[in-house]
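Accompanying notes for the structure given below.
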Amino acid sequence: MTKPAPDAPHLSPWLTGAAYYLGKYLIFPLYFGKITITGQEQIPSAGSLLVTPTHRSRWDAVLVPHSVGWLVSGRHLYFMVAAEEVRGFQGWWIRRLGGFPVQREQPGREALTQAITLLSRGDSLVMFPEGKISREGTLLPLKPGPVHLALQAVQHNPELVLHILPVYLKYSHPYQPWRTQVVIQIGAPLRVLPPMNQSLRQATLALTERLRSSLLALGEGLHHPL
């Protein structure tokens, strides 16, 4: 049997499940104020999923699974994580919770191949399309990389059912002190189809713009005061 590459994620369902319960019933109630989540009925019940949240805090990495992941949808989520974070004992935990390393400034072929492989086999992958945290809460220009990977996956397998799920996070304070309130709004999924009558680059730009419009609409439609 071929062994997985050293940097491949080794997600542990047992550890991941424990982390979900620990967050839901202990960490979030003790630390945050009210957490309001809407749109969970929009999460596709089948097929591959690329979750594309706005990026406002390091807390996003645990609140996105809380709102979209296993306890809600039955899906275990994989993450691309900055390579410098995936080291030592912390790296061991990150890998078993679905994380795998990527060089942020220049993603290597191995990480990109791993992402396409995850989507191609029906898994769920989280990528932050803004590429960095926006403390001001404004939507930054989206990087084309996440959409490009999704389109490559369906190019390799035109029968693949793959959706992009926009998720908008909003905090009552830009640095999330104790009792910060959170609103998470999940939008309608965007079906990813192989490019027709256009180049991969053109299809990437068009679908990235659709994703941007969806995220903007989610932000504008928030009716929960913080």
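If you stretched the chain out fully between residue 72 and residue 104, how much longer would it get, using 0.36 nm times the residue separation minus the C-alpha to C-alpha distance? Spell out each step's value before the answer.
Numbers: separation 32, 0.36 × 32 = 11.52 nm, distance 2.95 nm.
Once the chain is fully extended between residue 72 and residue 104, it gains 8.6 nm.
Tell me the volume per residue, in Å³, of the convex hull enclosing the alpha carbons of segment 117-226. Don't jump to the answer; show the numbers that get you there.
Working: hull volume 12.0 nm³, N = 110.
In segment 117-226, the Cα hull volume divided by residue count equals 109 Å³.
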On the formula 1/(1 + (r/R0)^6), with r taken between the Cβ atoms of residue 191 and residue 37 and R0 of 25 Å, the FRET efficiency rounded to 0.05 is 0.60
In vacuo Debye scattering of segment 55-187, one point per C-alpha: log10 I(q)/I(0) at q = 0.10, 0.11, 0.21 Å⁻¹?
-> -0.34, -0.41, -1.50
So what does log10 I(q)/I(0) come out to for segment 1-89 at q = 0.15, 0.21, 0.26 Å⁻¹, using the Debye formula with one equal point on every Cα and no solvent?
-> -0.70, -1.30, -1.61
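Please check the chain for the longest run free of GluC sites (Glu not before Pro) that are loop-located per DSSP (anything but H, G, I, E, B) and have at most 13 other Cβ atoms within 10 Å.
Numbers: sites that count: 105, 136, 159.
The longest uninterrupted stretch comes out as 1-104.
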So what's the back-of-envelope 222 nm ellipticity for the chain, counting only DSSP H runs of four-plus at -39500 (n - 2.57) apiece and dividing by all residues, rounded to 500?
-> -10500 deg cm²/dmol
Taking the chain as the region of interest, what is the percent of Cα-Cα pairs per 5 angstrom bin, listed from the shortest bin to the one with the maximum distance?
-> 1, 7, 15, 19, 21, 18, 12, 6, 2, 1, 0
For residue 79, which sequence-distant residues (separation of 5 or more, or a different chain) have an amide H within less than 5 Å of its own amide H, given hydrogens modelled in the peptide plane?
-> 99, 100, 126
Report the relative contact order of the chain, percent, no decimals, based on alpha-carbon pairs under 8 angstrom and at least 6 residues apart.
-> 28
Label point distance in nm, residue 15-residue 201, each placed 7 Å from Cα along Cα→Cβ = 4.2
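A short reminder: the numbers here are calculations on the coordinates, not readings from a lab. Just so we're clear, the structure is a prediction, and the values are computed from it rather than from any experiment. Every residue, glycine as well, gets a Cβ built from its backbone with ideal geometry; the counts of neighbours run over all protein chains shown.
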